[in-house]
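The values are calculated or read from the model by the stated rules, or taken from the named source; none is laboratory data. Here the structure is a predicted model, which means the values were calculated and not measured. When we count neighbours, we look across all protein chains shown, and the Cβ atoms used for this are built from the backbone with ideal geometry, even at glycine. For the accessible areas, the whole protein counts, side chains as well, though only heavy atoms, and no ligand, DNA or RNA atoms are used. Shrake-Rupley method; radii C 1.70, N 1.55, O 1.52, S 1.80 Å.
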Amino acid sequence: MYKVLLLPGDGIGPEVVAQARKVLVSLGKEHALAVELEEAQVGGSAYARHRDPLPAQTLEIARAADAILLGAVGGPQFDHLERDLRPEKGLLRLRSELDLFANLRPAISYPSLASASSLKPEQVTGLDLLIVRELTGGIYFGQPRGMRVLEGRTRQGFNTLVYDEHEIARIAHVAFRIAQKRGSRLCSVDKANVLEVSELWRDVVNAVHRDYAKVALSHMYVDNAAMQLVREPGQFDVVLTDNMFGDILSDIAAMLTGSIGMLPSASLNERDRGMYEPVHGSAPDIAGKGIANPLAMILSVAMMLRYSLNEPLLADLVEQAVHQVVEAGYRTVDIARAGQQPVGTDEMGDEVIRAMLQLSSKN
Ligand code: IPM
Ligand code: MG
């Protein structure tokens, strides 16, 4: 029996997590997937109740869970809070406390969505790249950090970009291992022309490469990588990068596929225990309207089945069902073209479940 913790969070989080729950319940019924679902609070909703974006009881349940599904955190009503109490801090602490250092963000273009991309369809057709982002180090967590007042009363903000060799090596191993199973090409992204941290990053990645002779390794500066992603994204297979560069590049990669509402992610620790969440945020502007795209969340369920629950066939089933629904023309507003009648969050979830039933009755 696997214990799966649902953390709906804020904004559209609860709406999309409700669809993930439906998918898991259906897999339990139809395919005897043995999961026990729990639910807890994180982010702004946790702050509102417990004055803490990651209450102790949530962290405790999270530690005991085999996998976590997180919706999204954040909202403008929390932006005035002291930094440590903001919803984002709940997510960052969760990543850090559970040591979820390996963040996998695949960007796959669906044929029928090619026209929803901001690039020309021929540039994104067949796109299948994976960003491997370091998630528990770098400037997001480096000390010292803070705000201070200098003489003359000038305020100064400061953060520290720091990585040690061990942190770089372990994320590099993850990226090489995955590249080996995919197209065997790894591009490591850094800013080695300016930053010492990047110089070390390059050095360590080169050293780790010796264990993976079959993978072709290249290095790219982050400014060029951002440009190449929107110029010719097809050149990438696996992209390895640090926490902040990965944050930025993964939003760019998301848009190539047509909508950030389509992109799942996995955050894994050394033992492949993981947290799974859509790359999109809490989208406060559309929260509560029932129009959010649940597919990134549902695809995150597929990643969870594959990486943490050891159910690759069910992962395939969910991904194929999403594929079928998209190809059949079902569209939430974010991916609908002019003239296409959009469906709501709940209906999209139902269609995926219908497609799952149909696909498994064929086999
Ligand atoms: C992401 C998000 C988070 C990040 C925020 C919400 C803290 O943008 O998962 O990409 O910056 O990592
Ligand atoms: Mg981000």
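Residues of the stretch 219-241 that are within 23 Å of A296 (Cβ to Cβ) and not in a helix (DSSP H, G or I): F236, D237, V238, V239, L240, T241. What do you reckon, is G258 of a type in the set (G, A, S), surrounded by fewer than 21 Cβ atoms within 10 Å (Cβ to Cβ) and within 30 Å of I335 (Cβ to Cβ)? In short, no. Taking the stretch 60-71 as the range and being over 23 Å from A292 (Cα atoms) and either within 11 Å of ligand 1 (Cβ to nearest atom) or open to solvent by 10 Å² or more (accessible area, probe 1.4 Å) (or both) as the test, the residues that pass are E60, I61, R63, A64, D66.
Looking only at residues of the stretch 158-207 that are among the aromatic types (F, W, Y) and within 24 Å of the chain's Cα centre (by Cα), we find that the one that is surrounded by the fewest Cβ atoms within 10 Å (Cβ to Cβ) is Y163. Determine if the stretch 299-316 includes at least one residue that is open to solvent by 10 Å² or more (accessible area, probe 1.4 Å), modelled with pLDDT under 95 and within 16 Å of ligand 2 (Cβ to nearest atom). No. The residue of the stretch 334-354 that is farthest from V174 (Cα to Cα), among those that are at pLDDT below 95 and open to solvent by 20 Å² or more (accessible area, probe 1.4 Å), is G339.
Looking across the stretch 263-280, the residues that are more than 10 Å from the chain's Cα centre (by Cα) and either surrounded by fewer than 22 Cβ atoms within 10 Å (Cβ to Cβ) or within 15 Å of ligand 2 (Cβ to nearest atom) (or both) come down to N269, E270, R271, D272, R273. Considering the conditions (1) in a loop (DSSP other than H, G, I, E, B); (2) closer than 24 Å to N293 by Cα; (3) open to solvent by 50 Å² or more (accessible area, probe 1.4 Å), G74 is excluded by exactly one of them, (3). The listed residues are L81, L54, L100, and the only one of them that is buried (at least 23 other Cβ atoms within 10 Å of the Cβ) and outside any helix (DSSP H, G or I) turns out to be L54.
It is to be established whether one or more residues within the stretch 8-31 are open to solvent by 20 Å² or more (accessible area, probe 1.4 Å), at pLDDT 95 or above, in contact with a Lys or Arg (Cβ under 8 Å, 6 or more places away or on another chain) and not acidic (D, E). No, the stretch 8-31 contains no residue that is open to solvent by 20 Å² or more (accessible area, probe 1.4 Å), at pLDDT 95 or above, in contact with a Lys or Arg (Cβ under 8 Å, 6 or more places away or on another chain) and not acidic (D, E). Would you please name the residue that is farthest from ligand 1 (Cβ to nearest atom), looking only at residues in the stretch 265-287 that are touching a Lys or Arg at 6+ places or on another chain (Cβ under 8 Å) and not in a strand (DSSP E or B)? Out of the qualifying residues, it is E270.
Answer with yes or no whether R337 is touching a residue at least 24 places away in the same chain (Cβ under 8 Å) and of a type in the set (K, R). Yes: the conditions hold for R337.
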